[in-house]
Amino acid sequence: MSSTPMMLLKTCRKPTWYPTVQWFDGDGFADHLRSLSLYRRLDRDVREPLLDAIAERIRTRMGDRASRRYLSVLRVGQRAE
């Protein structure tokens, strides 16, 4: 059985969750979506007009600013000897 990093820890404190926000302009948000597997699976002739339309909407209707919100986790532990 292979060891995972968590299996090598003698003690581990309860994980701490931190809300995180990333800010994008329209083109940056489209580039971010382009890197996600859901969008990569689309044919290029479908994906690119869709992402161009999303970027245009962010530029024209959202002041060229969009956020991505998610949770980050921090786990602190002490290594086993």
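Here, each number is a calculation from the coordinates, and none is a lab measurement. Quick caveat, the model's predicted, so the values are computed rather than measured. Cβ sites come from the backbone with ideal geometry, for glycine too, and all protein chains shown count toward neighbours.
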| Among 48-54, 19-25, what's the highest-first ranking by average C-beta atoms within 10 angstrom per residue? | 48-54, 19-25
| task | Could you work out the local net charge near residue 36, counting Lys and Arg as +1, Asp and Glu as -1, over the other residues with Cβ closer than 13 Å to its Cβ? | result | +4
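Would you mind counting up the charge near residue 74? Only other residues with Cβ under 13 Å from its Cβ, with Lys and Arg at +1 and Asp and Glu at -1.
On the way: positive: 13, 14, 75; negative: none.
Taking every Cβ under 13 Å from that of residue 74, the sum is +3.
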